[in-house]
1. For the range 195-204, which residues satisfy the criterion of being loosely packed, with under 13 Cβ neighbours inside 10 Å and either under 22 Å from the mean Cα position of the chain (by Cα) or not aliphatic (A, V, I, L, M) (or both)?
2. Identify the single condition in (1) touching a helix residue (DSSP H, G or I) at 6+ places or on another chain (Cβ under 8 Å); (2) over 27 Å from Leu62 (Cβ atoms) that Tyr171 does not satisfy, given that it satisfies every other one.
3. Considering (1) in contact with a Lys or Arg (Cβ under 8 Å, 6 or more places away or on another chain); (2) more than 23 Å from Pro220 (Cβ to Cβ); (3) modelled with pLDDT under 95; (4) of a type outside the set (Asp, Glu), say which one Arg121 fails and leave the rest.
4. Determine the pairs where a residue that is more than 26 Å from Ala54 (Cβ to Cβ) and in the same structural domain as Thr109 (by TED's automatic domain parsing), located within the range 127-151, has a partner that is modelled with pLDDT under 80 and of a type outside the set (Phe, Trp, Tyr) with Cβ atoms under 6 Å apart, the partner being 6 or more residues away or on another chain.
5. If Gly198 satisfies all but one of (1) on the phi > 0 side of the Ramachandran plot; (2) in the same structural domain as Leu98 (by TED's automatic domain parsing), what's the number of the condition it fails?
6. Which condition does Glu139 not pass, out of (1) in contact with a helix residue (DSSP H, G or I) (Cβ under 8 Å, 6 or more places away or on another chain); (2) more than 30 Å from Phe23 (Cα to Cα), if it passes all the others?
7. When you look at Ala122, is it aliphatic (A, V, I, L, M) and surrounded by fewer than 18 Cβ atoms within 10 Å (Cβ to Cβ), yes or no?
8. How many residues does the range 45-73 contain that are farther than 14 Å from Ala158 by Cβ and surrounded by 17 or more Cβ atoms within 10 Å (Cβ to Cβ)?
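The values are calculated or read from the model by the stated rules, or taken from the named source; none is laboratory data. Model, not experiment: these values are computed from the prediction. Virtual Cβ from ideal backbone geometry, glycine too; neighbours counted across all protein chains shown.
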Amino acid sequence: MRNWYAVGDRKLKALIVAITRIFKKSRLTLNFDQINQPVRTIQAESKRVYKLLAEKNRDAFLDLGLLVYMEAYAEAKPNIPKSEILTKSKKAISGKWLDGLQSEYNPVTKYVYVTEAERKRARFFESLVADAESKQRREMENDYRAAENAWIRQTRQAMIDIEDRAAVTAYKDAGVHKVRWISQQDDKVCKECGRLDGLIFAIDAVPDKPHYNCRCTIEPVTDE
């Protein structure tokens with residue numbers, strides 16, 4: 001297992017803790033014991049929450065992207081000094097790079113990351129307003145749980161996308177022209193991932209992941 005997947009798992013666990021803390025603090029801020037909150041207060045709070053979530057994710061995504069790039073580049077070019085790879089990684093994995101990735105339509109998730117993030121915030125706000133107006137305290141609690149779980153799902157998939165794109169970016173920069181699809185080769189592998197296992201693709205023609213939470217990866221082909 002590549003180190004970047006282990007690091008990605010640790011970063012995700014840390015993010016989940018931070019995400020849970022943000023939503024918990026927001027519940028206290030709105031004070032459900034005094035449920036008649038003005039709509040503008042709920043709207044402002046929803047924007048504050050999702051701004052914090054986006055900032056936490058962005059920092060973690062860039063850190064992960066840098067790590068993956070460095071390891072993938074070193075995998076393709078093992079004799080290049082680490083300091084040189086670090087310099088390359090900082091140029092390649094930038095805020096602009098991340099913004100570009102998250103502004104693209106994703107054929108796996110079937111949404112654009114930034115658009116979906118705003119959609120989730122709007123759903124959260126609308127649900128809170130509706131339940132506050134009807135004085136449904138328990139339903140407001142459920143709104144928070146649903147919003148938290150939805151954000152965690154989006155974050156988990158986004159981290160997979162970051163890992164994949166950063167690896168491909170590094171391989172291209174290292175002059176790799178072909179890659180091999182690698183499945184986990186266990187009893188959890190789906191038929192489509194099993195079919196792709198071992199196949200070689202041009203670096204610009206790697207198939208999209210077949211499904212959410214796909215554990216497949218690619219490796220550089222340097223001997224052909």
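1. Residues satisfying the conditions are Gly198, Asp204.
2. (2)
3. (3)
4. Sorted first by the residue in the range 127-151, then by its partner, the pairs are Lys135/Ile35; Arg137/Ile35.
5. (2)
6. The one condition Glu139 does not meet is (2).
7. Yes, satisfied.
8. So the answer is 12.
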